[in-house]
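What follows is one structure encoded as C-alpha cells, with my remarks underneath.
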Amino acid sequence: MDRVLIVTDGGLNGVVAAAAVAERRASDGDRLGRGESGVLWLPEPLFEGDHLAARRHGVELAAGSYGFDIATSRGLAGEIAAHVGPVAHSGLGLAATLLEAVVVAGRTRCRRVQWAFENPAATHPEDVDADVVTRVLDRCLLAERLAANETDRTLPVEAPLADLCDLQVADLTLDLGVPLEACWWWLAEGLPARARWVSALESLGWQPTEPTPAQA
C-alpha cells in the first residue's frame with residue numbers, strides 16, 4: 001500500500017487532505033485490492049505558542065478518524081524555530097518545513113508529500129493571490145528537486161489545495177464528510193480561525209448536527 005505524508009497545521013485543510021487520501025484508498029482498494037494510506041505530520045516547532053496542544057489533539061483525532069499514522073520530528077524546522085523565532089508563515093520556515101518533510105517521508109516510507117497549505121484571507125476564488133500560489137508551488141518543486149539530487153528516487157512534493165479559496169475548501173469538506181471536530185479550532189470559541197470556516201460552511205447550507213461551542 002502506498003503512503004503519503006500530509007504536512008498539516010492541524011486545521012481544516014489538513015483534515016480535508018486526509019479525507020481525500022482515505023477516499024482514494026477506499027475506491028482503489030475496492031477496485032484493485034490495494035489503496036493509499038496516509039501519515040500526518042505536524043511540524044510542532046513552528047507552532048510553539050500558537051495553540052500547539054490543540055493542534056496536536058486535532059491531528060490525533062484526524063489520524064484516528066482515517067486510521068492514519070502520525071510522524072514526529074524536531075529536526076530542521078526545530079532548529080530554524082529555535083534560532084529565528086516563530087516562523088510558521090515565513091519563507092524560511094516554510095522552506096525548512098518542506099525539506100524536513102522530505103526526510104520524514106523517507107523515514108516513514110511514504111512515496112510522496114502533500115503540503116496542506118491554507119490560503120490566507122481568500123474567501124472567494126477571485127481572492128486567491130496567484131503570487132502566493134506560485135511561491136508555494138515553487139517551494140514544493142525546490143524540495144522535490146533537492147530530494148531527487150540526494151536520493152535515487154523521485155519523491156513528489158505537492159500542494160493540492162494551494163489554489164483553493166475558503167468556499168472551495170468548504171465544499172470539499174461537505175462532499176467528503178470531513179469531521180470538523182478534528183480541526184484544532186473546533187472548540188476554540190471566539191477565535192478567528194473557527195469563525196472563518198464556520199462562516200464558509202454556513203454559506204453553503206451547512207448546519208451543525210449538534211451545537212457548535214459558540215452555540216452551546
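Assorted remarks:
- Spin-label model distance (nm) - Trp206 vs Ala53, 7 Å beyond Cα toward Cβ: 2.6 nm
- Difference of contour (0.36 nm per residue) and Cα-Cα distance, Leu174 to Arg107: 20.8 nm
- Gained length - Glu60 relative to Thr154, 0.36 nm times residue gap less alpha-carbon distance: 30.9 nm
- All-pairs Cα distance distribution in the stretch 137-196, expressed in whole percent, bin size 5 Å: 4, 15, 15, 16, 13, 12, 12, 9, 3, 1
Every read-out reported here was derived from the displayed coordinates using simple, explicitly stated rules and does not represent laboratory data. Please read these numbers as outputs of a predicted model, since none were measured by experiment. Every residue, glycine among them, receives a Cβ derived from its backbone with ideal geometry; neighbour counts consider all protein chains shown.
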